[in-house]
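Okay, so here's the structure we're looking at.
The values are calculated or read from the model by the stated rules, or taken from the named source; none is laboratory data. This one's a predicted model, so the numbers in the text were calculated from it and none came from an experiment. Positions of Cβ are generated from backbone atoms using ideal geometry, with glycine treated the same way; all protein chains shown enter the neighbour counts. Areas reflect the complete protein model, heavy atoms only, side chains present, ligands, DNA and RNA absent. Shrake-Rupley method; radii C 1.70, N 1.55, O 1.52, S 1.80 Å.
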Amino acid sequence: MPPRVKFSKDEITSAALEIARRNGIDAVTARDVGAELGVSSRPIFTWFDSMEQLKESVCEAAIDIWKNYLQQGLASPRPFLGTGKQYIRFAREEPNLYKLLFLSAPIGKTNGAIEAIKMTMESAKASIMKNYNLNEATANKFMRNMWLLTTTFATLIVTNNCPYTDEDMEQIMCEVNISLYLGYKKLKGLSDGNFDFKKLFTDIHDNLI
């Protein structure tokens, strides 16, 4: 009798991760993971009680991949811009993992999207507070608004509908970045939401013409 093929939990997760990278998390089935490993589906359930549990493990592995992109962004000369660029790069290079982490419903006990967003925000916050001289509440608003912008670009990329070049996106991010910074620093009440839009807009308009 030939020796029984054994696989570790990490090896099974890696096989499922590769399927998710190629075809999306919905393509991760017991049969296809077994085929990826060259065996039946039986070894999967040595380590995992269900396919949902395996998909949770895949989600955690995807977060680790995103962490590598994030760390490269934070290590750049302009950390916050670097983080945004890495976010867009992740969407382009790993579209199915991007969808899993940022555009999918929670899987099992984990919430990949919320965890990934929270991790990204917390990692970038210290850099924003230091380099932009913003308090924590204002830094959170700054990051929220820039996050919404970069998420728009990333979503256009993973749906193959992005009309912008990398240079276009970097320019737009810089424009919004500077506009937010100037607004939060110079316009009274903007950073804490305590302002009259009509009055503030009129004052700005009258002083610029």
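For Lys198, indicate whether it is open to solvent by 90 Å² or more (accessible area, probe 1.4 Å) and part of a helix (DSSP H, G or I).
yes
For the subset of segment 173-192 comprising residues that are open to solvent by less than 90 Å² (accessible area, probe 1.4 Å), in contact (Cβ under 8 Å) with a residue 12 or more places away in the chain and not in a helix (DSSP H, G or I), which member is nearest to Phe80 (Cα to Cα)?
Ser191
Go through segment 146-169 and give me each residue that's surrounded by fewer than 16 Cβ atoms within 10 Å (Cβ to Cβ) and touching a residue at least 24 places away in the same chain (Cβ under 8 Å).
Kept after step one, since they are surrounded by fewer than 16 Cβ atoms within 10 Å (Cβ to Cβ), are these residues of segment 146-169: 148, 152, 159-161, 163-168.
Asp166 - this is the single residue of segment 146-169 that is surrounded by fewer than 16 Cβ atoms within 10 Å (Cβ to Cβ) and touching a residue at least 24 places away in the same chain (Cβ under 8 Å).
Among the residues of segment 159-172, is there at least one that is farther than 25 Å from Gln72 by Cβ and either in a loop (DSSP other than H, G, I, E, B) or in contact with a His (Cβ under 8 Å, 6 or more places away or on another chain) (or both)?
Yes, because at least one residue in segment 159-172 is farther than 25 Å from Gln72 by Cβ and either in a loop (DSSP other than H, G, I, E, B) or in contact with a His (Cβ under 8 Å, 6 or more places away or on another chain) (or both).
Report whether or not Leu100 is out of contact with any strand residue (DSSP E or B) (no Cβ under 9 Å at 6 or more places or on another chain) and either buried (at least 17 other Cβ atoms within 10 Å of the Cβ) or of a type in the set (A, V, I, L, M) (or both). Working first, answer last.
Working: out of contact with any strand residue (DSSP E or B) (no Cβ under 9 Å at 6 or more places or on another chain): no; either buried (at least 17 other Cβ atoms within 10 Å of the Cβ) or of a type in the set (A, V, I, L, M) (or both): yes.
It is false that Leu100 is out of contact with any strand residue (DSSP E or B) (no Cβ under 9 Å at 6 or more places or on another chain) and either buried (at least 17 other Cβ atoms within 10 Å of the Cβ) or of a type in the set (A, V, I, L, M) (or both).
When you look at Phe142, is it of a type outside the set (A, V, I, L, M) and either more than 13 Å from Tyr87 (Cβ to Cβ) or at pLDDT below 95 (or both), yes or no? Break it down into steps so the answer makes sense when it comes.
On the way: of a type outside the set (A, V, I, L, M): yes; either more than 13 Å from Tyr87 (Cβ to Cβ) or at pLDDT below 95 (or both): yes.
Yes; evaluated as a whole, the condition is true for this residue.
Tell me the residue from Ile128, Ile117 that is touching a residue at least 40 places away in the same chain (Cβ under 8 Å) and either surrounded by 12 or more Cβ atoms within 10 Å (Cβ to Cβ) or not basic (Lys, Arg) (or both), please. Step through it out loud before you land on a result.
Numbers: Ile117 fails: touching a residue at least 40 places away in the same chain (Cβ under 8 Å).
Among Ile128, Ile117, only Ile128 is touching a residue at least 40 places away in the same chain (Cβ under 8 Å) and either surrounded by 12 or more Cβ atoms within 10 Å (Cβ to Cβ) or not basic (Lys, Arg) (or both).
Under 7 Å between Cβ atoms, which residue pairs at least 6 apart in sequence (or on different chains) link something in segment 49-67 that is touching a residue at least 40 places away in the same chain (Cβ under 8 Å) with a partner that is open to solvent by 40 Å² or more (accessible area, probe 1.4 Å) and assigned to a helix (DSSP H, G or I)?
Ile63/Glu115
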